[in-house]
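Structure, as structure tokens:
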Amino acid sequence: MKRPDTNDPKSIRYRMRKARFKWVEGLLDDILSRKDVATILDVGGRRDYWKLLDPAYRNRIHLTILNTEEDVAREEQSGDIGIPIQTVVGDGTNMPEYTDGAFDLAHSNSVIEHVGLYRNMAAFALETRRVGRAYYHQTPNFWFPLEPHYGLPFIHWLPEPTRLFLHSTVNLGFAKRASSWEVAMARVDHTRIVSRRLLTNIFPDGIHKTERFALMPKSLIVYRRWADHDVAPFG
């Protein structure tokens, strides 16, 4: 099964992502009403994603993309998109290199479901709440029947041992059969679709929204405005 091109303007995924990006631009409007340039930390992000940004904003933001060493090396080989970008190697669950409120906006798009165990998700939430005065996170919804990473229905509702067996035995949608047991385990460990209840608990200060497709809750969005940042230490 061929993975859809999320950069194709004709695709449903692109159109939904473009519509969803209006939430990000709304947060930037709030920030830029207070200062000339907004600093953004995109945790686990990609340069291509920021092509969605309206050109009117591009001279008024400075973007830092934090990712794994492998992903940073790949991103640095990609083309210029007309936005000042710094790529850095780091861990979104632990960012001691950044002080509280170091960025105007901490951002992630479909990342929190890939950080591993639930305690890692909680650490990811805590750190992005800490380093960003505003934050924005989007993630697929556990209760939407189609699993977006593999393009198959219901697979994320199966028990982990069953998913581990399937990954190590057959092709699953967009993914070829895992080349080893270790690869199958890594897929299961690092693709955990989350529920609204979990997101509400790890982002207690956020505004929670739902993106729908055919009336079904497809994605979860949580954000905090710049002015609502609590400067007290998080713990």
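The values are calculated or read from the model by the stated rules, or taken from the named source; none is laboratory data. Not measured: the values here are computed from a predicted model. Positions of Cβ are generated from backbone atoms using ideal geometry, with glycine treated the same way; all protein chains shown enter the neighbour counts. SASA here: full protein model, heavy atoms, side chains in, ligands and nucleic acids out. Shrake-Rupley method; radii C 1.70, N 1.55, O 1.52, S 1.80 Å.
Give me the mean projected area, in nm² to one decimal, of the convex hull enclosing the Cα positions of region 10-111.
6.9 nm²
Over all alpha-carbon pairs in region 121-235, figure out the percentage whose distance exceeds 16 Å.
Numbers: 4216 of 6555 pairs.
Every Cα pair in region 121-235 considered, those over 16 Å come to 64 percent.
If you take the square roots of the eigenvalues of the alpha-carbon gyration tensor of region 172-235 and sort them as a ≥ b ≥ c, do you get rounded (a/c under 1.5), prolate (a/b over b/c) or oblate?
oblate
Pick out which of D205, D91, D80 has the largest mean-square fluctuation in a Gaussian network model of the chain, springs linking Cα atoms closer than 10 Å.
Answer for the Gaussian network model of the chain: D80.
Normalising by the residue count of region 148-235, find the relative contact order in percent from Cα pairs under 8 Å and 6+ residues apart.
Once divided by the residue count of region 148-235, the mean separation gives 17 percent.
What size of dipole, in debye to the nearest 20, comes out for region 1-157 about its Cα centre when the only charges are +1 on Lys and Arg C-beta atoms and -1 on Asp and Glu C-beta atoms? Walk me through the numbers before you get to the answer.
Working: 21 positive and 22 negative charges, 132 e Å.
It comes to approximately 640 debye.
The list (1) -0.96, -1.10, -1.42; (2) -0.80, -0.93, -1.24; (3) -0.94, -1.02, -1.17 gives values of log10 I(q)/I(0) by the Debye sum over Cα atoms at q = 0.14, 0.15, 0.17 Å⁻¹, and only one came from this structure; which label was calculated from it?
(1)
Considering only the chain, what is the antiparallel percent among its DSSP beta bridges, to the nearest 5?
45 percent
Rg over Rh of region 53-151, using C-alpha atoms and the Kirkwood radius, what does it come to?
On the Cα set of region 53-151, Rg over Rh gives 0.98.
When DSSP beta bridges are limited to those with both residues in region 1-131, what percentage is antiparallel, rounded to the nearest 5?
Numbers: 1 of 15 bridges.
In region 1-131, DSSP labels about 5 percent of beta bridges as antiparallel.
Specify which residue in the list T139, V89, A214 is farthest towards the positive end of the charge dipole of the chain, using unit charges on the beta carbon of Lys, Arg (+1) and Asp, Glu (-1), about the Cα centre.
Value computed over the given set: A214.
When all protein chains stay in place, what accessible area (Å², nearest 10, 1.4 Å probe) is found for F165?
120 Å²
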